[in-house]
1. Filter segment 148-164 for residues that are surrounded by 18 or more Cβ atoms within 10 Å (Cβ to Cβ) and either without any contact (Cβ under 8 Å) to a residue 24 or more places away in the chain or not in a loop (DSSP other than H, G, I, E, B) (or both) and give the result.
2. Residues to consider are Arg172, Arg167; find the one that is more than 18 Å from Gly138 (Cα to Cα), within 19 Å of the chain's Cα centre (by Cα) and surrounded by fewer than 23 Cβ atoms within 10 Å (Cβ to Cβ).
3. Can you find a residue in segment 180-202 that is closer than 25 Å to Phe92 by Cα and among the small types (Gly, Ala, Ser)?
4. Run down Lys152, Lys84 and say which single residue is more than 15 Å from the chain's Cα centre (by Cα), under 15 Å from Ile61 (Cα atoms) and basic (Lys, Arg).
5. I need the full set of residues from segment 189-207 which are outside any helix (DSSP H, G or I) and at negative phi, in order please.
6. Scan segment 135-147 residue by residue and report those that are among the polar types (S, T, N, Q) and either modelled with pLDDT under 95 or assigned to a helix (DSSP H, G or I) (or both).
7. With the condition kept exactly as written, say whether any residue in segment 209-229 is farther than 26 Å from Ile86 by Cα and either exposed (fewer than 14 other Cβ atoms within 10 Å of the Cβ) or among the charged types (D, E, K, R) (or both).
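The values are calculated or read from the model by the stated rules, or taken from the named source; none is laboratory data. Bear in mind that the values here come from a model prediction, so they are computed numbers and not experimental data. Note that each Cβ is placed from the backbone with ideal geometry, even for glycine, and that neighbours are counted across all protein chains shown.
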Amino acid sequence: MKRVHLALFLALVWNIAASSAPGANPGQQTPSLLEYTVTHRIPYLLYLPPGYEDQDAWPLILFLHGAGERGDDLEKVKIHGPPKLISEGQEFEFIVVSPQCAAEKRWDAESLSRLLQEIESQYKVDPDRIYVTGLSMGGFGTWSLALANPEKFAAIAPICGGGDRQRIRRLRNLPTWVFHGAKDSVVPLERSQELVDALQALDAPVKFTVYPEAEHDSWTETYNNPELYKWFLQHERRTGTD
């Protein structure tokens, strides 16, 4: 089975070739060429469900961690969310992909889209049942990725994040379940509230769960709740999400 090794850093490979003389000559113009390639690498944890080989296609969850799990140590990705639960022995009915963001970087929608394309090309992914969820920085990443590719997902679940309210109409047909702690002082509740209000004004299929006593950690209760995963499985990709 092919494995794709990813890390979040840019590598520039420079190849300089002269089409005639091997070097420039004083007083003359020498034809020359500069070529470069930009390589993106994203490390990630991949989980295949028990019985993976027994069916043709599986739903997929893309999980985006928060700022505290950035770096080059994949073990940090297991601190929260589905990767944590899997490491503790919980089984899922999904393929679960949990990438790691490089230190001091933010989730990039283009890179995440390329990662999903690669996973779809290598594994038995049901293209109509792809879901994305994330916490804090990953909550922002969830909104951003969905806004960039609203037609890609069957449902999303951003946790204590925020996004671009001006573009929210793009998600008017995308089932969305938003979570936030009422006492969050890191990412204020209003960051989720404004997006939920905008979606509700569009009669979008949005749910909003506010934990009255929760501070920034509104994700532990969310990911421990089996209802989230049942809700994901109730949804398949729709058309007209642009």
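1. Across segment 148-164, the qualifying residues are Ala155, Ile156, Ala157, Pro158, Ile159.
2. Details: Arg172 fails: within 19 Å of the chain's Cα centre (by Cα).
Step by step, each of Arg172, Arg167 is checked, and only Arg167 is more than 18 Å from Gly138 (Cα to Cα), within 19 Å of the chain's Cα centre (by Cα) and surrounded by fewer than 23 Cβ atoms within 10 Å (Cβ to Cβ).
3. So in segment 180-202, the residues closer than 25 Å to Phe92 by Cα come out as 180.
Pick out the ones that are also among the small types (Gly, Ala, Ser) and you get none.
No, segment 180-202 contains no residue that is closer than 25 Å to Phe92 by Cα and among the small types (Gly, Ala, Ser).
4. Values: Lys152 fails: more than 15 Å from the chain's Cα centre (by Cα).
Among Lys152, Lys84, only Lys84 is more than 15 Å from the chain's Cα centre (by Cα), under 15 Å from Ile61 (Cα atoms) and basic (Lys, Arg).
5. Filtering segment 189-207 for residues outside any helix (DSSP H, G or I) gives 202-207.
If the condition is that a residue be outside any helix (DSSP H, G or I) and at negative phi, then Leu202, Ala204, Pro205, Val206, Lys207 are the ones that fit.
6. So in segment 135-147, the residues among the polar types (S, T, N, Q) come out as 136, 142, 144.
Within segment 135-147, Thr142, Ser144 qualify.
7. In the first step, residues of segment 209-229 are kept if they are farther than 26 Å from Ile86 by Cα; the result is 212-213.
With the extra rule that they be either exposed (fewer than 14 other Cβ atoms within 10 Å of the Cβ) or among the charged types (D, E, K, R) (or both), the set shrinks to 212-213.
Yes, some residue in segment 209-229 is farther than 26 Å from Ile86 by Cα and either exposed (fewer than 14 other Cβ atoms within 10 Å of the Cβ) or among the charged types (D, E, K, R) (or both).
Here is a yes/no grid of residues against (1) closer than 30 Å to Trp58 by Cβ; (2) out of contact with any strand residue (DSSP E or B) (no Cβ under 7 Å at 6 or more places or on another chain); (3) assigned to a loop (DSSP other than H, G, I, E, B):
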position: Arg169; (1), (2), (3): no, yes, no
position: Val186; (1), (2), (3): no, yes, yes
position: Thr209; (1), (2), (3): yes, no, no
position: Glu213; (1), (2), (3): no, yes, yes
position: Tyr229; (1), (2), (3): yes, yes, no
position: His235; (1), (2), (3): yes, no, yes
